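Engineer: First the structure, then my questions, so here it is.
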Amino acid sequence: MNRNKITLIGGGQIGGNLALISAQKELGDVVLFDIPQAEGMVKGKALDIMQLRPHDGYDSLIQGSSNYEDIADSDVVIITAGIPRKPGMSRDDLLSINLKIISDVAKNVKKYAPNAFVIVVSNPLDAIVYAFHKVSGFRKNKVVGMAGALDSSRFKAFLAMETGYSVQDIQCMVLGGHGDTMVPITRLATIGGIPAEDLISKERLEAIVERTRFAGGEIVKLFGNGSAFYAPAASAIEMAESYLKDKKRIIPCASLCEGEFGVNGYFIGVPTVIGKNGVEKIIEFSLLNHEKEELMKTLEAVKKTVSETGL
Ligand code: A3D
């Protein structure tokens, strides 16, 4: 049986962790790709993970490369190429640099891995995934942005920390753009199937929602020179795994909406079914008035950043 091929464009903090988790889950063979100036770094990380394999006995092959020919015929491409935030920066501050990078990456992915399912992680997420889609011309079911998976896992983590109950028993979703205007749907958060609103006071829930909105910034401030990477990597892997194993998980992802939730022509966080055909469906459900208003507010923020791409 042929193994899947997973290419990681950008071999920095998230890229290295993506390689490690892909190998540990035996999702397939991995190409960890970066620019020529970082070739030694990705080759070193790849070799390090190859040498870790005997501990767990997994057989995935990990290769570092700065040659686009090595990504040929990838099944999945996860893109983290770009620069991360530093304290005081918003995700939107990264736009001009990461836009140039994603344009270059999109052309090469189109040339060498035209059939891949592409997961974009680089920020500002909703605009960068839009740019990838425009420049590559990939069909909308083959391009998706990772954000809601992470924002939801942050919401879950904070609910678990608040109650002391297992994260496994917590369900919730965060929709909208990947910025401070994201929309945690508090009324649908459950703990062991019980509405979180019944178990946690209104004030504490509001504080948790607020912490979720700024969770990325909280880590940026602690690091001082970069942004989160463990949870972002795990979130993107969850999406890749659902595609490769045709699991049909329902994950909040930045998907191209064409009318769903009243959004047209933009990538924004919505509940998305990921299976062997990529983005198989966006699941719409009724929002309350204040949730609709919040979604429209986050859409305005996404539109503004997208308009700055000039695409
Ligand atoms: P970092 O450790 O700097 O890695 C980025 C890598 O991209 C570096 O190794 C660069 O050399 C490489 N790179 C730069 N230009 C190119 C190019 N043209 N082709 C290929 N590789 C290139 O950053 P990181 O891994 O911490 O973060 C990566 C991106 O993810 C940043 O834009 C972050 O803002 C973003 N991010 C997004 C989320 C979301 O939830 C959406 C979360 C955390 C980080």
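Engineer: Which condition number in (1) more than 19 Å from Val120 (Cβ to Cβ); (2) in contact with a Ser or Thr (Cβ under 7 Å, 6 or more places away or on another chain); (3) surrounded by 18 or more Cβ atoms within 10 Å (Cβ to Cβ); (4) not hydroxyl-bearing (Ser, Thr, Tyr) is the one that Glu294 fails?
Structural biologist: Condition not satisfied by Glu294: (2).
Engineer: Among the candidates Ile6, Ile14, single out the residue that is β-branched (Val, Ile, Thr), outside any loop (DSSP other than H, G, I, E, B) and closer than 26 Å to Val220 by Cα. Walk me through it before giving the result.
Structural biologist: Numbers: Ile6 fails: closer than 26 Å to Val220 by Cα.
None of the others qualify; the one that does is Ile14.
Engineer: Out of region 74-107, which residues are surrounded by fewer than 23 Cβ atoms within 10 Å (Cβ to Cβ), touching a Lys or Arg at 6+ places or on another chain (Cβ under 7 Å) and at pLDDT 95 or above?
Structural biologist: Asp75
Engineer: Out of curiosity, is Asp75 among the acidic types (Asp, Glu), touching a strand residue (DSSP E or B) at 6+ places or on another chain (Cβ under 8 Å), in contact (Cβ under 8 Å) with a residue 60 or more places away in the chain and under 26 Å from His178 (Cβ atoms)?
Structural biologist: Working: among the acidic types (Asp, Glu): yes; touching a strand residue (DSSP E or B) at 6+ places or on another chain (Cβ under 8 Å): yes; in contact (Cβ under 8 Å) with a residue 60 or more places away in the chain: yes; under 26 Å from His178 (Cβ atoms): yes.
In short, yes.
Engineer: Quick check, is Lys110 surrounded by 15 or more Cβ atoms within 10 Å (Cβ to Cβ), free of Cβ contacts under 8 Å to residues at least 60 places away in the same chain, of a type in the set (Lys, Arg) and not in a strand (DSSP E or B)? Steps first, please.
Structural biologist: Numbers: surrounded by 15 or more Cβ atoms within 10 Å (Cβ to Cβ): yes; free of Cβ contacts under 8 Å to residues at least 60 places away in the same chain: yes; of a type in the set (Lys, Arg): yes; not in a strand (DSSP E or B): yes.
For Lys110, the condition - surrounded by 15 or more Cβ atoms within 10 Å (Cβ to Cβ), free of Cβ contacts under 8 Å to residues at least 60 places away in the same chain, of a type in the set (Lys, Arg) and not in a strand (DSSP E or B) - is met.
Engineer: Right, another one. State the number of residues belonging to region 46-62 that are under 18 Å from Gly12 (Cβ atoms) and surrounded by fewer than 19 Cβ atoms within 10 Å (Cβ to Cβ).
Structural biologist: Of the residues in region 46-62, the ones under 18 Å from Gly12 (Cβ atoms) are 46-49, 62.
Checking which are surrounded by fewer than 19 Cβ atoms within 10 Å (Cβ to Cβ) leaves us with 47-48.
Of the residues in that region, 2 qualify.
Engineer: Would region 159-181 turn up any residue that is modelled with pLDDT of 95 or more, buried (at least 21 other Cβ atoms within 10 Å of the Cβ) and assigned to a helix (DSSP H, G or I)?
Structural biologist: Yes, the conditions are met somewhere in region 159-181.
Engineer: Does Leu18 meet the test of being within 11 Å of the ligand (Cβ to nearest atom), touching a Leu at 6+ places or on another chain (Cβ under 9 Å) and in contact (Cβ under 8 Å) with a residue 24 or more places away in the chain?
Structural biologist: Working: within 11 Å of the ligand (Cβ to nearest atom): yes; touching a Leu at 6+ places or on another chain (Cβ under 9 Å): yes; in contact (Cβ under 8 Å) with a residue 24 or more places away in the chain: yes.
Considered against the rule, which asks whether it is within 11 Å of the ligand (Cβ to nearest atom), touching a Leu at 6+ places or on another chain (Cβ under 9 Å) and in contact (Cβ under 8 Å) with a residue 24 or more places away in the chain, Leu18 comes out as yes.
Engineer: Name the single residue that is surrounded by the most Cβ atoms within 10 Å (Cβ to Cβ) among those in region 63-73 being of a type in the set (Asp, Glu) and on the phi < 0 side of the Ramachandran plot.
Structural biologist: Within region 63-73, the first condition is being of a type in the set (Asp, Glu), and the residues that meet it are 69-70, 73.
When the remaining residues are screened for being on the phi < 0 side of the Ramachandran plot, the result is 69-70.
Working: Glu69: 9, Asp70: 16.
In this case the residue turns out to be Asp70.
Engineer: Identify the single condition in (1) outside any strand (DSSP E or B); (2) within 16 Å of the ligand (Cβ to nearest atom) that Lys297 does not satisfy, given that it satisfies every other one.
Structural biologist: Status for Lys297: all satisfied but (2).
Engineer: Go through region 99-134 and give me each residue that's of a type in the set (S, T, N, Q) and near the ligand (Cβ under 10 Å from one of its atoms).
Structural biologist: From region 99-134, those of a type in the set (S, T, N, Q) are 103, 108, 115, 122-123; that's our starting set.
Result: Ser103, Asn108, Ser122, Asn123.
Engineer: List every residue pair whose Cβ atoms lie under 7 Å apart, where the two residues are 6 or more positions apart in sequence or sit on different chains, the first residue falls within region 173-185 and is within 15 Å of Asn123 (Cβ to Cβ), and the second residue, located anywhere, is within 13 Å of the ligand (Cβ to nearest atom) and among the polar types (S, T, N, Q).
Structural biologist: Short answer, once both residue conditions are applied: none.
Engineer: Does Lys43 satisfy being surrounded by fewer than 20 Cβ atoms within 10 Å (Cβ to Cβ) and part of a helix (DSSP H, G or I)?
Structural biologist: Working: surrounded by fewer than 20 Cβ atoms within 10 Å (Cβ to Cβ): yes; part of a helix (DSSP H, G or I): yes.
Against the criterion (surrounded by fewer than 20 Cβ atoms within 10 Å (Cβ to Cβ) and part of a helix (DSSP H, G or I)), Lys43 qualifies.
Engineer: Within 16 Å of the ligand (Cβ to nearest atom) and either among the polar types (S, T, N, Q) or more than 17 Å from Thr80 (Cβ to Cβ) (or both): which single residue out of Gly137, Gly216, Gly176 fits that description?
Structural biologist: On the way: Gly137 fails: within 16 Å of the ligand (Cβ to nearest atom); Gly216 fails: either among the polar types (S, T, N, Q) or more than 17 Å from Thr80 (Cβ to Cβ) (or both).
Just a single option satisfies the conditions, and that option is Gly176.
Engineer: Can you run down the residue pairs with Cβ atoms below 7 Å, 6 or more apart or on separate chains, where the first is in region 297-311 and in contact (Cβ under 8 Å) with a residue 24 or more places away in the chain and not assigned by TED's automatic domain parsing to the domain that holds His133 and the partner is surrounded by fewer than 18 Cβ atoms within 10 Å (Cβ to Cβ) and not charged (D, E, K, R)?
Structural biologist: Every condition considered, the pairs that remain are Lys297/Thr181; Thr298/Thr181; Ala301/Thr181.
Engineer: A further question on this structure: Being assigned by TED's automatic domain parsing to the domain that holds Ala106 and under 15 Å from the mean Cα position of the chain (by Cα) is true for just one of Gly10, Gly57, Gly40. Which residue is that? If you could, list the steps in order and put the result at the bottom.
Structural biologist: On the way: Gly57 fails: under 15 Å from the mean Cα position of the chain (by Cα); Gly40 fails: under 15 Å from the mean Cα position of the chain (by Cα).
It is Gly10.
The values are calculated or read from the model by the stated rules, or taken from the named source; none is laboratory data. Since this is a predicted model, take the numbers as computed values, not measurements. Cβ: placed from backbone, ideal geometry, glycine included. Neighbour counts: every protein chain shown.
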